[in-house]
Amino acid sequence: MSDPNPLARFDRAAAAADAAIAGVLPEQLEDPTPCTEWNVRQLLNHIVGGNRSFIAMQTGGGPIDRSADYLGADPLDAFRTSLAELRAVFAADGALERIVPTPFGEAPAAVLVNMRVNEMMLHGWDVAKATGQSTDLDPELAAECLEEFRALRAAGRGKGMFHDPTDAPSGSAPADQLAAMAGRVVA
C-alpha cells in the first residue's frame, strides 16, 4: 500500500463505492450482480452490513445479524450513514493501533481499514458492473488493491471467500483486473 495514511485510502475507496451506489436506479435493485448469490439490493445490504460488522469489531460489540435488512427505503443513505459512522470509529484517537478481532484473528485495527478498502473497491466494481456504469474505479487505488489480492492469493488465503481468479482482457482497467483476481467474470 503506497499511502501511509490508511484513512486516506479508506476515503478514496468510499468515494469510488459511493459513486457506484449513487448511480443505482430503483428499478435496478432486483438485477443480478457478478456476486451470483446476490441481486443489487442484497449486495448493497452486504456492503452496509459489512460496515456495521466492522463498527462492531472496532468497538467491541458482538457479531451483527448479517441476514438483517440494513438498507431500509434508501440504500444510498444507509450506505452513507454506515460509512460515516465507520469512518468516525476508525478516526478516533488511537483507534488504528488498537488490537481488535478480525476475520483472520486479532490484529491492529488498521487491518480492518485495509479490508474495507479492498471490499469497497471490489463491491463498488460489482455494483457498477451490475448497473451498467463505468467499472474504471480509482485506477491507482485499484492497482494497489490488485497487488494486495495477488499477495493474498500467493499466501494461499481467501480460498473460501473468493472464486478462482479469472482472466481479464488485455489492457483492462486495474479495477477490472482486481475483479478478475477475485474470481469475477470481467468480459
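What follows is calculated from the coordinates using simple rules that are stated; it is not laboratory data. The structure displayed is predicted, hence computed values, not measured ones. Methodologically, a virtual Cβ is constructed for each residue, glycine included, from the backbone with ideal geometry; neighbour enumeration extends over all protein chains shown.
At a Förster distance of 25 Å, what's the computed FRET efficiency of Asp65 paired with Ala187, Cβ-Cβ distance as r, to 0.05? Before the final figure, lay out each step's value.
Working: r = 36 Å, r/R0 = 1.45.
According to the calculation, E is roughly 0.10.
Each residue of the stretch 65-82 was assigned a 3J(HN,Hα) from its phi angle through the Karplus curve 6.51 cos²θ - 1.76 cosθ + 1.60 (θ = phi - 60°); the sequence is 7, 6, 8, 6, 8, 9, 8, x, 7, 10, x, 5, 5, 4, 5, 4, 5, 5 Hz, with glycine and proline shown as x. What is the list of residues in the stretch 65-92 whose amide nitrogen lies under 16 Å from a point 7 angstrom out from the Cα of Asp18, following Cα to Cβ? Output list for this probe position: 75-91.
How large is the convex hull of the Cα atoms of the stretch 6-138 per residue, expressed in Å³ as a whole number? Kindly include the intermediate steps, with their values, before the conclusion.
Working: hull volume 12.8 nm³, N = 133.
Considering the Cα atoms of the stretch 6-138, their hull volume per residue is 96 Å³.
Pick out, in residue order, every one of the chymotrypsin sites (Phe, Trp or Tyr not before Pro) in the stretch 75-123 that is DSSP loop and has at most 12 other C-beta atoms within 10 Å; say none if there are none. Walk me through the numbers before you get to the answer.
Details: sites: Phe79, Phe90, Phe104; in loops: Phe104.
Filter output for the stretch 75-123: Phe104.
For Val100, the residues whose amide H sits under 5 Å from its own are Ala107, Ala109, ignoring neighbours fewer than 5 places away on the same chain, with H placed 1.01 Å from N. Only Cα pairs under 8 Å and 6+ residues apart enter the sum, and on that basis the relative contact order of the chain stands at 25 percent.
A simple count of charges around Val40, restricted to other residues whose Cβ falls under 11 Å of its Cβ and scoring Lys, Arg +1 and Asp, Glu -1, yields -2. With a simple spin-label model that places each label point 7 Å from the Cα along the Cα-to-Cβ direction, the separation between Leu29 and Glu106 comes to 4.2 nm.
Take the Cα of Thr36, step 7 Å toward its Cβ, do the same at Ala73, and the gap between the two points is 3.7 nm.
Over all other residues within a Cβ to Cβ distance under 12 Å of Ile21, the charged ones net out to -2, with Lys and Arg as +1 and Asp and Glu as -1.
In order along the stretch 124-139, the Karplus-derived 3J(HN,Hα) couplings, from 6.51 cos²θ - 1.76 cosθ + 1.60 at θ = phi - 60°, round to x, 4, 4, 5, 4, 4, 5, 10, x, 8, 4, 9, 7, 8, 4, x Hz, and Gly and Pro are given as x. For the stretch 11-28, 3J(HN,Hα) computed residue by residue from phi via the Karplus equation (6.51, -1.76, 1.60; θ = phi - 60°) reads 4, 5, 5, 4, 5, 5, 5, 4, 4, 5, 5, 5, x, 6, 8, x, 6, 9 Hz, glycine and proline entered as x.
Other residues whose C-beta falls under 14 angstrom from the C-beta of Arg80 contribute a net charge of -3, scoring Lys and Arg +1 and Asp and Glu -1.
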